[in-house]
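Below you'll find the structure, written out as structure tokens, and then a few comments.
Any read-out appearing in this document is the output of simple, stated calculations on the displayed coordinates, not a laboratory observation. This is a predicted model, so every value here is computed, not measured. We place every Cβ from the backbone using ideal geometry, glycine too, and count neighbours over all the protein chains shown.
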Amino acid sequence: MRRFEDLIERQIAIFCEDNADLLAACTAAERAYDRAGADEAEERYAAFLELVEEGSEALADLRDTYASTLDPELASTYERTFDEEVARKLPAFGLGL
């Protein structure tokens, strides 16, 4: 198992628990976009992206706060691993990191 993997899994689990409403809103917004007609699609997609940006910023804050407690070399490894795990477990949010 790679370094930081357990920690990051716990951090992502806590993020998901603390932000359950945001995750549900993202799912609903994505579905609304998928169902939207051509006249509404752009507006629905923008609403989805706003929610994704909110989640990405919260995850980046979580990552950066912990990384600031590490020496620079370890911080770089942690940040890279965190970004990879978010992209794998929460793909919509991974693009913003």
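Looking across the stretch 68-97, the residues that are surrounded by fewer than 17 Cβ atoms within 10 Å (Cβ to Cβ) and farther than 30 Å from Tyr33 by Cα come down to Ser68, Thr69, Leu70, Asp71, Pro72, Glu73, Leu74, Ala75, Ser76, Thr77, Arg80. Residues in the stretch 45-75 that are under 18 Å from Glu5 (Cβ atoms) and out of contact with any Leu (no Cβ under 9 Å at 6 or more places or on another chain): Leu62, Thr69, Leu70, Glu73, Leu74, Ala75. Within the set Ala13, Ala24, Ala28, the sole residue that is among the aliphatic types (A, V, I, L, M) and within 30 Å of Glu73 (Cβ to Cβ) turns out to be Ala13. Could you tell me whether the stretch 19-39 includes any residue that is within 13 Å of the chain's Cα centre (by Cα), surrounded by fewer than 16 Cβ atoms within 10 Å (Cβ to Cβ), of a type in the set (D, E, K, R) and part of a helix (DSSP H, G or I)? No: zero hits. Taking the condition of being free of Cβ contacts under 8 Å to residues at least 40 places away in the same chain and either charged (D, E, K, R) or not in a helix (DSSP H, G or I) (or both), how many residues in the stretch 40-54 meet it? Qualifying residue count for the region: 6. Checking Glu57, Glu73, Glu85 one by one, the residue that is in a helix (DSSP H, G or I), touching a helix residue (DSSP H, G or I) at 6+ places or on another chain (Cβ under 8 Å) and not small (Gly, Ala, Ser) is Glu85 and no other.
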